[in-house]
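The values are calculated or read from the model by the stated rules, or taken from the named source; none is laboratory data. Note that the structure is predicted; figures quoted are calculated from it, not measured. Because the Cβ atoms are built from the backbone with ideal geometry, glycine has one as well, and the counts that use them run over all protein chains shown. Side chains included, ligands, DNA and RNA excluded: accessible areas come from the protein's heavy atoms. Shrake-Rupley method; radii C 1.70, N 1.55, O 1.52, S 1.80 Å.
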Number of protein chains: 2
Amino acid sequence: LTGEFAFIQALRALASDPAARGLSDDCAVLPFGGEVLVLTHDAIVAGVHFPPDADPADVAWRLVATNISDLAAKGAEPVGVLLAYQLAGGEERFLQGLAEALAEYGAPLLGGDTVGLPAGAAQTLGLTAIGRATCAPVPGRDGARAGDALYITGPVGAAMMGYEALCRGEADPAMTQAYRRPRALLAQGRVLAPVVHAMMDVSDGLLLDAARMARASGVSFAIDRAAVPIAAPEARRDDALRWGDDYQLLFALPDGIAPPVQAFCIGRAVAAGAAPILLDGAALDEEAGLGYRH
Amino acid sequence: LTGEFAFIQALRALASDPAARGLSDDCAVLPFGGEVLVLTHDAIVAGVHFPPDADPADVAWRLVATNISDLAAKGAEPVGVLLAYQLAGGEERFLQGLAEALAEYGAPLLGGDTVGLPAGAAQTLGLTAIGRATCAPVPGRDGARAGDALYITGPVGAAMMGYEALCRGEADPAMTQAYRRPRALLAQGRVLAPVVHAMMDVSDGLLLDAARMARASGVSFAIDRAAVPIAAPEARRDDALRWGDDYQLLFALPDGIAPPVQAFCIGRAVAAGAAPILLDGAALDEEAGLGYRH
C-alpha cells in the first residue's frame, strides 16, 4: 500500500456512509437538524502547496479560499471554519490574511487547534469549512449525462501567469494577485447549484478535473480546445488547460438550458469512451498528460 | 507576536461568533437546523504528540479518541469525522487503527484530505469530529460556581505508566494500553451533560486542566490531593496529577447532587483567589507548576 491513490482507495472502505459520497466529491453532504450540512477539509503544506517563502497573509487567504471554493461547488453558504495552525513564524501576517479572507466570505472562525512545528519540519495547515446547503439535491461530480453541455465560469491560466510573475520577482501586486489571492465563486455556485447536473471547482487543472467529473459521472467530455477561455498568451494555451489554482466552477448543464451566470461552453458530455477526455477529438487520459502540478 | 498563547489570543479577535465560545472550550457549539452541532479539530505532530516510531495504528486510535473525547465532554454523540492525513509510510497500520477507533465510537469517515510529506518533515495529522448535542444548554468549562463539588470519572496516571512502560520496551500490550489506546467516555459524558455546571476532558494534566476550568468559570478549585484516584504508585502521585492523556472527565456539580455515573469527588469550587488551584490549601498557578507535558 503506497502512495496517495492507494491510501484513498483503502480509506473508501471506511467511508461507506452516503454522506461521504465515496470520498469522490469536494465535500461531505450530511442531513442534520432538518437542513443539510456541507463539510470539507483541505490541508496545505509548505514546499508542496505554497512556496516556503510565501507571504503568510497570502497562505492564509489561499487556505480559506480553497476550502470555501469547495462549498461554492456545492452551492452552499459558509457557516464557519475550524483552523489547524502550526506555529512557524509570520503569525501577524497570517492573521492579517486570515481576517481578510474570513471577512470576504462571511465565515466566522469557530475553533480549531494550534500546535508547534518541530525543527526542520514543513508547516502543515488545515482548514475545515462548514456550510449550509441552499438547494436539494446538492450537486456532485457524478451527475453529468451524455448530451449535457460543459461550461466553465471564467478563464484558466491567470493563476499560472501570477505564479510565474511571482517567481520572477514581479513587484506589482496586481500581476501576481490571481495566484496569491484566488477567489471562491460562492454567488455563482449558489445560482448554478439548482440547475446543474454536476459541478466542481477547478483546483488541480481543467483537463484533470474534467476527467474526474467524467469518470465520476460515467461519461467522457469532448472539449473544444479553442473554446476554453484563457487568461494567458495563446502560446501558453496547453499549459493553461493543465494548471490549477484558478478555482473557476466547471459544470454540466442539460442541453438547451442557458446558464444563469456568465459562463463559457467548452464542450459536451458524450457516451463514455476509453479516455475521459477528448480534446479536439484526441483521447486524453491521466497517462497521456492531463496535467498535475503537485 | 510569538508563541502559541499570543497567537490564540490574537485569533480570539476573529472568533467573536458565540458558537466559537471564545476559543476557550473543547468544541464549537452551533445551532444548525433544529439541532445543535458540536465541532472540534485536534492536530497531532510526530515528535511532539506521539513518538516518531509509534505504531501508526496507535497514532490513528489516539487521533480519533482525543477528538471524540472532546465531544464526550459536551455530552455530544458522534456524527462523523474528517481526516487530514499526511503520507509518511505505515499506512496499513494507520488504517487498521483508524478502522478500530471509528468502529468503537460509531463515527463514520465522511471526508478529509491526504497530502504528501516533504523529505525530513514531521508528520502532522488532524481530525475534525462532528457531533450532535444531546442536551441543552451544552456544558462548557465556564459554568462552575463557588460551592460546587469537583469530580473526576476515574484515575489519572494510567497513561503515564503506560508511556513509561513503552519507553522501557515493555512487550506486554496490556501494560502500555492506557497510553496507546486512550478511551473517550462518550456514555458518561452524555449522562453527565444535563446535570453538570461545567465539564471538560483531562487531556493535558488534571491540575492544569482544572486551572483552565477555574479561570474560565471565575472560581478557584480547592483540591484534596489524597482524594484524587491514581493508577500509579503512591510515590508518583504528584506526577500523575500533572500528566495528561487519560481523558477522564472533570466536572463541577451543584452541591448536594449525586453524580449519575461513577465518579470521585476531589475538591470544591471556592471564590476566586489569586491562584486557580489550592492543592491541600497551597496556591498553585501556571508558574508554580501545574504541569504540562508538551
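Could you check segment A:148-185 and list, in sequence order, the residues that are over 17 Å from the mean Cα position of the chain (by Cα) and small (G, A, S)?
Hits for segment A:148-185 are A:A149, A:G162, A:A165, A:G169, A:A171, A:A174.
From (1) modelled with pLDDT of 95 or more; (2) in contact with a Ser or Thr (Cβ under 9 Å, 6 or more places away or on another chain), pick out the condition that doesn't hold for A:E4.
Of everything listed in (1) modelled with pLDDT of 95 or more; (2) in contact with a Ser or Thr (Cβ under 9 Å, 6 or more places away or on another chain), A:E4 misses just condition (1).
Anything in segment B:118-129 that is at the interface with chain A (Cβ under 7 Å from one of its Cβ atoms) and of a type in the set (A, V, I, L, M, F, W, C)? List them, or say none.
The initial filter retains those residues of segment B:118-129 that are at the interface with chain A (Cβ under 7 Å from one of its Cβ atoms), namely B:118, B:120-122, B:124, B:126, B:128.
The answer is B:A121, B:A122.
What pairs come up if the first residue lies in segment B:186-198 and is within 14 Å of B:E77 (Cβ to Cβ), the second is open to solvent by 20 Å² or more (accessible area, probe 1.4 Å) and part of a loop (DSSP other than H, G, I, E, B), and their beta carbons are under 6 Å apart, counting only those six or more places apart or on different chains?
B:Q188/B:V261; B:R190/B:T134; B:V191/B:P260; B:V191/B:V261; B:A193/B:C135; B:P194/B:C135
Of the residues B:A88, B:A103, only one is out of contact with any Gly (no Cβ under 7 Å at 6 or more places or on another chain), surrounded by fewer than 19 Cβ atoms within 10 Å (Cβ to Cβ) and not in a helix (DSSP H, G or I); which? Walk me through how you get there before you give the answer.
On the way: B:A103 fails: not in a helix (DSSP H, G or I).
Matching residue, one of B:A88, B:A103: B:A88.
Given the options B:G97, B:G140, B:G157, name the one that is open to solvent by less than 10 Å² (accessible area, probe 1.4 Å), in contact (Cβ under 8 Å) with a residue 24 or more places away in the chain, under 21 Å from B:D209 (Cα atoms) and within 13 Å of another protein chain (Cβ to nearest Cβ). Step through it out loud before you land on a result.
Working: B:G97 fails: under 21 Å from B:D209 (Cα atoms); B:G157 fails: within 13 Å of another protein chain (Cβ to nearest Cβ).
Only one candidate passes the filter, namely B:G140.
Does A:Y151 fit the bill of being open to solvent by 20 Å² or more (accessible area, probe 1.4 Å), in a strand (DSSP E or B) and more than 30 Å from B:G22 (Cβ to Cβ)? It would help to see each step written out before you state the result.
Values: open to solvent by 20 Å² or more (accessible area, probe 1.4 Å): yes; in a strand (DSSP E or B): yes; more than 30 Å from B:G22 (Cβ to Cβ): yes.
So A:Y151 fits the description; yes.
For the list (1) under 18 Å from the mean Cα position of the chain (by Cα); (2) within 12 Å of A:L208 (Cβ to Cβ), I need the number of the one condition that A:F251 fails.
Result: A:F251 fails condition (2) only.
Just checking, how many residues over segment A:209-257 are open to solvent by less than 10 Å² (accessible area, probe 1.4 Å) and part of a loop (DSSP other than H, G, I, E, B)?
Residues that pass the stated criteria total 3.
Just to check your reading of the model, which residue among B:A271, B:A263, B:A187 is open to solvent by 50 Å² or more (accessible area, probe 1.4 Å), over 30 Å from B:G47 (Cα atoms) and in contact with a Ser or Thr (Cβ under 8 Å, 6 or more places away or on another chain)?
Numbers: B:A263 fails: open to solvent by 50 Å² or more (accessible area, probe 1.4 Å); B:A187 fails: in contact with a Ser or Thr (Cβ under 8 Å, 6 or more places away or on another chain).
It is B:A271.
For segment B:46-85, how many residues meet the condition of being under 22 Å from B:F32 (Cα atoms), assigned to a helix (DSSP H, G or I) and away from chain A (no Cβ under 13 Å)?
3
Filter segment B:154-178 down to the residues that are assigned to a loop (DSSP other than H, G, I, E, B) and either in contact with a Phe, Trp or Tyr (Cβ under 7 Å, 6 or more places away or on another chain) or under 24 Å from B:S217 (Cα atoms) (or both) and list them by number. Lay out the reasoning, then the answer.
Just the residues of segment B:154-178 that are assigned to a loop (DSSP other than H, G, I, E, B), to begin with: B:154-155, B:157, B:168-172.
Answer for segment B:154-178, where residues must be assigned to a loop (DSSP other than H, G, I, E, B) and either in contact with a Phe, Trp or Tyr (Cβ under 7 Å, 6 or more places away or on another chain) or under 24 Å from B:S217 (Cα atoms) (or both): B:G154, B:P155, B:G157.
So which residues in segment A:14-28 are in a loop (DSSP other than H, G, I, E, B), more than 8 Å from chain B (Cβ to nearest Cβ) and either open to solvent by 40 Å² or more (accessible area, probe 1.4 Å) or under 15 Å from B:L87 (Cβ atoms) (or both)?
A:S24 - this is the single residue of segment A:14-28 that is in a loop (DSSP other than H, G, I, E, B), more than 8 Å from chain B (Cβ to nearest Cβ) and either open to solvent by 40 Å² or more (accessible area, probe 1.4 Å) or under 15 Å from B:L87 (Cβ atoms) (or both).
In segment A:256-294, what count of residues is obtained for those that are within 23 Å of A:K74 (Cβ to Cβ), out of contact with any helix residue (DSSP H, G or I) (no Cβ under 6 Å at 6 or more places or on another chain) and not β-branched (V, I, T)?
Initially, segment A:256-294 is screened for residues within 23 Å of A:K74 (Cβ to Cβ), giving A:257-267, A:269, A:276.
Subsequent filtering for residues that are out of contact with any helix residue (DSSP H, G or I) (no Cβ under 6 Å at 6 or more places or on another chain) retains A:257-259, A:262-265, A:267, A:269.
If we keep only those that are not β-branched (V, I, T) too, we end up with A:258-259, A:262-265, A:267, A:269.
Total satisfying the criteria: 8.
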